[in-house]
Amino acid sequence: GPGLAVLEELARQHGDYVGTFAVRAGQPVPALGKFDVLLSSGGPGDPTELGEWGQPYADLIDAIRTHNVQQPDHPKRAFLICHS
């Protein structure tokens, strides 16, 4: 949505690479090693209808937490919007 597009543009203005993963549209959840910062927009849609993407997405969030505990000097950051 427009909110995520604004965040992507801000990242580009600072020279950061931005990749888009449309997991709710059937694309696979990205591997943890493919990014340093995760910007995630949960919409559109009903947050209770997770579909096939829900568990892999939850696993990714758990992997970020585990990574950050194990590697506190090189954390992965996440900015989660809405029902992400």
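Some notes on this structure:
- Between Ala63 and Glu49, the distance separating the two model label sites (each 7 Å from Cα on the Cα→Cβ line) works out to 2.7 nm.
- Theoretical gain in end-to-end length, Val29 to Asp73 [0.36 nm per residue, Cα-Cα removed]: 13.4 nm
Only the coordinates and a few stated rules stand behind these numbers; no lab work does. In this text the structure is predicted, and so the values were computed from the model without any measurement. Methodologically, a virtual Cβ is constructed for each residue, glycine included, from the backbone with ideal geometry; neighbour enumeration extends over all protein chains shown.
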